[in-house]
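The structure under discussion appears below in the form of structure tokens.
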Protein chains: 2
Amino acid sequence: MLILQFLFNWHHMRLESRAKTAIVLGNKINESNLDGEYQFMKNQFTVSCQACSLSELCIPNSLSTSEMDIVDATIKRAEPIQKNKSIFEDGDKFLSLYAVRSGAIKSFSIDEKGEEHVIGFYLPGELIGLDAIDTGIHNHTAKALETSSICEIPYEQVEYLSGKISKLQKHMFRLLSREIHEDQELQLLLSKKTADEKIGAFLINLSARYKQRQLSPTSFRLPMPRTDIANYLGLAVETVSRVLTRLQDQLILSVDGKEVEILDAQKLCQVSHMDCSNI
Amino acid sequence: MLILQFLFNWHHMRLESRAKTAIVLGNKINESNLDGEYQFMKNQFTVSCQACSLSELCIPNSLSTSEMDIVDATIKRAEPIQKNKSIFEDGDKFLSLYAVRSGAIKSFSIDEKGEEHVIGFYLPGELIGLDAIDTGIHNHTAKALETSSICEIPYEQVEYLSGKISKLQKHMFRLLSREIHEDQELQLLLSKKTADEKIGAFLINLSARYKQRQLSPTSFRLPMPRTDIANYLGLAVETVSRVLTRLQDQLILSVDGKEVEILDAQKLCQVSHMDCSNI
DNA sequence: CGGCATTTTGAGCCCTCTCAACGAGTGTGG
DNA sequence: CCACACTCGTTGAGAGGGCTCAAAATGCCG
């Protein structure tokens, strides 16, 4: 437990000043110490939505406490999911949405040639599976990039409660709409931007998401390997690597393996040709 | 009126056999003959959802007739919108969703350098503006590619009625989800495919959408200019042109300006590396 | 320490872009 | 009726960004 406590504090140190509640993100726990880990994770998992530091990002957002209790009761908190394990697989029946509580998830599909296509990365507070509501069948596989904890939210309940609680319905519409909007932004990125712009925008996006989660927007750990970044952005791994070293040479970034520090956010935004108001 | 009747029949001839109701699509009416056009269009516009041949693609889908009447009452049927006129502009307040009834719409945004970025094309029965629900502000401009008719659906009513009619809520969730899924497919297309594959997939997609609308899947008119296709797919106009002539040389397509005929759907799918089960 | 996965670096090539010119179609005004 | 301007689509030649192939370097885990 000491090691865990240390990790806990270590992450805490990196939190922005105004953060009071702890979020464990990218928390790589030594897997040989499973007993302690389980205890720790379980405590984390049994936290109610009300007590969850992510609630303002997640489904319960904007609900009253009594309404939140109702939603809370339908959410299953599963055991932590280990690195490289799947939450669901492509073709599985769609029964639940999944909210990431800690860790990081990637979703991808496999084409007829056996090639993997990374669709997206999910950080704590984000919802997985919205694309499967229509057909009732998952189009992608969701796999843990690191040991993660997940809240399972039965979709039938979401539908039912949305009819009862108009705020929840409103929230669901907005969540779905936001996903559409973000996907459209990504389309723009993928179709019109150069490799440097893609990588830059990707880092700025991650930075903003970490900031939302009260984590440092300038210093963070990439939860995914280079191959996944390349795949996601439609680049070759070699290109990703080259761009990162180039940005490092320009003193915009400092990259050490998966650890990234943004040294010059202003310049990074310039290189990416992006609006910098949100960083 | 005679010319209109002719156009009407002409389109009818191109319908698939089982089509009984007429859909006017890509209908370019002589704009100098406005009186007749208006009369014709107005008749078209006052059609109720129940009588609308697109209802199975549009919002009313899967509602009972009495429920459909309720939804129907909230839908405003505006005057036809002329080519190059906007339905709404980027930055406008989001108040309504818009369903295309006839014609074709493109949506796009303008970046800081004044460059246009085409986000999507909308055919009859498709819903515009779903991406703006979240922020309440339109992110794009929606412009008519040809004279089009549009149903305006006040979003407040959609929210309200979705709370009352659970089937409608379900349908809205599915619509939003489908849009997400389609956007993700497009991301894959944009990031991983070659120019030939992009064009091929684009044509197959259009073909499938025309088929859904009881129009010929093998012979249709592109409602948008080459520049918009190129922009949408992240290609140069010249590349689009070159690929089309190449596909023509291979006897896969026959292209005459905006008029396209798919001569060998099988081969087109092969070239696009796509699943052909839906064509 | 040794084996394996991941990341980096280098060299050469190809697809697609850019630039440029031309042809076709359309609307306008003389 | 024709000349002109303008938009749109096509075609050609050359250049460049990112990919592929190859190999070394680094990190990770047993």
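Using protein heavy atoms only (no ligands, DNA or RNA), what is the total accessible area buried between A and B, 1.4 Å probe, nearest 100 Å²?
3800
Leaving ligands and nucleic acids out of the surface, order B:ARG77, B:ARG242, B:ARG213 by accessible area at 1.4 Å, largest first. All intermediate terms of the calculation are to be shown ahead of the outcome.
On the way: B:ARG77 65, B:ARG242 140, B:ARG213 5 Å².
These residues rank, largest area first, as B:ARG242, B:ARG77, B:ARG213.
Between the label point of A:THR74 and that of the same position in each other copy, find the distances and list them shortest first in nm, with every label point placed 7 Å from Cα along the Cα-to-C-beta direction.
Ordered by distance, the counterparts are at 2.1 nm.
For the stretch B:192-272, what is the accessible area per residue in Å², given a 1.4 Å probe and the full set of protein chains? Mind showing how you got there, number by number?
Values: 3290 Å² over 81 residues.
On a per-residue basis, 41 Å².
Rounded to the nearest percent, how much of the accessible area of the stretch B:133-180 (1.4 Å probe, protein heavy atoms only) is carbon and sulfur?
47
Using a label point 7 angstrom from Cα along Cα-to-C-beta, what distances in nm, from shortest up, separate A:LYS192 from the other copies?
2.4
Could you run the Karplus curve 6.51 cos²θ - 1.76 cosθ + 1.60 with θ = phi - 60° over the stretch A:89-97 and give me ³J(HN,Hα) per residue in whole Hz, x for Gly and Pro?
For the stretch A:89-97, the Karplus-derived couplings read 10, 3, x, 4, 5, 8, 10, 9, 8 Hz, x marking Gly and Pro.
Just the number, please: carbon plus sulfur as a percent of the accessible area of the stretch A:208-279, 1.4 Å probe, no ligands or DNA/RNA counted. Walk me through the numbers before you get to the answer.
Working: 1660 of 3430 Å².
Roughly 48 percent, rounded to a whole number.
For a quick check: with amide H placed at 1.01 Å from N, whose amide H comes under 5 Å from A:ILE87's, ignoring anything fewer than 5 positions away on the same chain?
Placed amide hydrogens put A:ALA142, A:LYS143, A:ALA144 under 5 Å from A:ILE87.
How crowded by other chains is B:132-143, given as the mean number of beta carbons from other chains within 10 Å of each beta carbon?
Averaged over the peptide's residues, the number is 3.
Set the Förster distance to 35 Å, then compute FRET efficiency between A:ALA208 and B:THR227 from the Cβ-Cβ distance, nearest 0.05.
Between A:ALA208 and B:THR227 the formula returns 0.60.
With a point put 7 Å past each Cα toward its Cβ, work out how far B:SER254 is from A:GLN250 in nm, to one decimal.
Between B:SER254 and A:GLN250, the label points sit 5.1 nm apart.
Would you kindly work out, in nm and rounded to one decimal, the distances from the label point of A:GLN212 to those of the same position in each other copy, ordered shortest first, with label points 7 Å along Cα-to-Cβ?
Ordered by distance, the counterparts are at 2.8 nm.
May I ask you to list the lysines whose Cα is less than 22 Å away from that of A:LYS83, ignoring any residue fewer than eight positions away on the same chain?
A:LYS28, A:LYS42, A:LYS106, A:LYS143, A:LYS258
Would you tell me the mean number of C-beta atoms belonging to other protein chains that fall within 10 Å of each C-beta in A:167-179, as a whole number?
5
The values are calculated or read from the model by the stated rules, or taken from the named source; none is laboratory data. Predicted, not measured: the structure shown is a model, and the values here were computed from it. Note: ideal-geometry Cβ built from the backbone for every residue, glycine included; neighbour counts use all protein chains shown. Side chains are part of the model used for accessible areas, which takes the heavy atoms of the whole protein and leaves out ligands, DNA and RNA. Shrake-Rupley method; radii C 1.70, N 1.55, O 1.52, S 1.80 Å.
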